[in-house]
Amino acid sequence: MSRRVLVTGGAGFVGSHLVDALVARGDSVRILDNLDAQVHGAEREPPAWLNEDAELQVGDVRDPDAVARAVRDADVIYHLAAAVGVGQSMYEIADYTAVNNLGTANLLQALVDQQAEPDRLVVASSMSIYGEGRYRRADGAEPVARRRSAQQLRDHEWELRDPDGAELEPLPTDESKPLDPTSIYALSKADQEVMSLLVGGAYGIPTTALRFFNIYGPRQALSNPYTGVVAIFSSRLLNGQPPLIFEDGLQRRDFVSVHDIVQALLLAAEEPAAVGQALNIGSGRAVTISQIADTLAGVMGVDVEPVVTGKYRVGDIRHCTADIARAREVLGYEPRVTLEEGMRELLAWLERESAPEDRVEQHAAELAARGLSF
């Protein structure tokens with residue numbers, strides 16, 4: 001049965017792939033997107049890949065009237081609209097808070113005011129809300145990971161240690177790990193998640209939050225220096241420039257294909273057991289940042305060595321990878337795209353794209369000038 005589905009941020013990277021999947025299965029899809037210049041370019045035109053069978057409402061989640069129009073009569077709502085970027089969030093504090101916190105509040109307010117009864121509200125959360133992932137000591141005990149001190153980072157001592165100085169071993173992070181946001185972006189995503197689950201529970205709106213790990217794939221904004229590291233490295237390599245790697249490149253992350261993210265989004269809107277839950281969505285595989293740079297260069301066939309800067313960005317964490325056992329159990333989610341397959345697909349898309357403007361060094365200089373990188 002066809003349903004009326006709203007996707008906020010539906011012209012963006014993840015949203016546009018989700019829209020394609022929804023349209024393909026026969027849903028009536030409405031998009032609310034402000035076509036932000038940082039993502040879509042100064043002309044703020046809809047991207048060429050935007051599905052022509054979806055209705056586009058150009059509007060901003062910071063505008064209560066635009067949000068109220070968009071949510072009306074929606075059976076399913078996917079709230080993906082957000083300002084994204086750890087570093088940038090630390091100096092564009094008001095903008096990130098307005099888009100992410102106020103934008104989500106406007107969405108929830110509209111649902112409450114309209115006494116809406118959607119079948120499901122699915123909210124995009126983020127792994128960044130954990131701060132550091134889980135760790136254990138050599139004796140098997142799992143201490144609460146402390147943040148690295150500024151002096152430790154200035155001394156290039158990158159790994160987390162227990163009070164006795166012993167190095168801690170990183171573990172996959174499950175949903176029970178206490179949240180410890182280390183940037184305004186991370187804090188805003190935690191607020192989005194908590195607000196949505198709280199209001200959903202109070203008003204009987206079936207709500208699910210998905211904590212996305214590092215997403216990559218076609219349609220990621222290559223000229224946006226605040227987006228995911230795979231897109232940033234790709235942009236550098238396309239311009240014949242070496243990827244710039246912070247710290248020593250051995251920090252571990254979980255990289256997940258946008259197609260697996262869409263799989264999880266579709267499942268989350270259908271599975272009754274997902275209501276009221278926050279679930280990790282990743283690949284379940286730990287990869288270092290240096291491995292990502294090397295894999296990309298190999299797939300693209302370019303002989304460009306990355307530059308390991310030995311610098312630290314305020315808000316960055318050392319290790320965080322996904323334990324996806326709960327998503328498997330609750331949703332039946334199973335990652336299908338390997339990193340190698342995903343990178344080959346990304347390369348095929350990159351070959352059709354012109355080399356984007358490289359603004360990575362400009363971004364790095366801005367962080368340094370504000371004392372947010374050292």
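What follows is calculated from the coordinates using simple rules that are stated; it is not laboratory data. Keep in mind it's a predicted model, so treat the numbers as computed, not measured. Cβ placement follows ideal geometry from the backbone for every residue including glycine, while neighbour counts extend to all protein chains displayed.
Tabulated values for the structure
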read-out	value
Chain lengthening between A325 and A273 when straightened (0.36 nm per residue, less Cα-Cα)	17.3 nm
Interchain or long-range residues, amide H under 5 Å from V256's placed H	N214, I215, Y216
Rg to Rh quotient for the range 1-49, alpha carbon positions, Kirkwood Rh	1.02
Amide H partners (placed H, <5 Å) of R120, local residues excluded	I77
Percent RCO, i.e. relative contact order, over the chain, from Cα pairs under 8 Å lying at least 6 residues apart	17
Additional length obtainable on full extension of the chain from L198 to N239, 0.36 nm per residue less Cα span	10.2 nm
Label-point separation, A42 to R62 (7 Å along Cα→Cβ), nm	2.1
Zero-based 10 Å bins, Cα pair distances in the range 19-154, whole percents	10, 31, 29, 16, 11, 3
Fraction of beta bridges assigned by DSSP in the chain that are antiparallel (%, nearest 5)	15
Rg/Rh for the chain, where both radii come from Cα atoms and Rh is the Kirkwood radius	0.95
Residue-by-residue Karplus 3J(HN,Hα) for the range 241-255, coefficients 6.51, -1.76, 1.60, Hz, glycine and proline x	10, x, x, 9, 10, 7, 6, 10, x, 9, 5, 9, 9, 10, 9
Axial C-alpha extent at least 24 Å, average Kyte-Doolittle at least 0.0 - helices from the chain (DSSP)	184-203
Computed label-point distance, nm, for sites E169 and D248 using a 7 Å Cα→Cβ extension	1.8
Simple label model, 7 Å out from Cα along Cβ direction - I93 to R154, nm	2.2
For the range 279-288, 3J(HN,Hα) per residue [Karplus equation, 6.51 cos²θ - 1.76 cosθ + 1.60, θ = phi - 60°, Hz, x = Gly/Pro]	10, 6, 10, x, 9, x, 10, 8, 9, 7
Enclosed volume per residue, in Å³, of the convex hull spanned by Cα atoms of the range 287-365	152
Highest to lowest packing among 246-258, 333-345, scored as the average C-beta count within 10 Å	246-258, 333-345
Order by protection proxy (mean Cβ within 10 Å, highest first), peptides 198-210, 315-327, 294-306	315-327, 198-210, 294-306
Cα centroid separation, the range 336-355 to the range 190-268 (Å)	16
Compactness of the range 200-293, expressed as Rg and Dmax over alpha-carbon positions, Å	16.5, 53
Helix-only mean residue ellipticity at 222 nm for the chain, each DSSP H run of n ≥ 4 adding -39500 (n - 2.57), per residue, nearest 500	-10000 deg cm²/dmol
Net lengthening on full extension, T288/S28 (0.36 nm per residue, minus Cα-Cα)	89.6 nm
Overall form of the range 145-186 per C-alpha gyration tensor (a/c, 1.5; a/b vs b/c)	oblate
Modelled FRET efficiency - R0 35 Å, D53 with A365, Cβ distances, 0.05 increments	0.25
Using a Förster distance of 30 Å, the FRET efficiency for V112-E353 (Cβ separation, nearest 0.05)	0.10
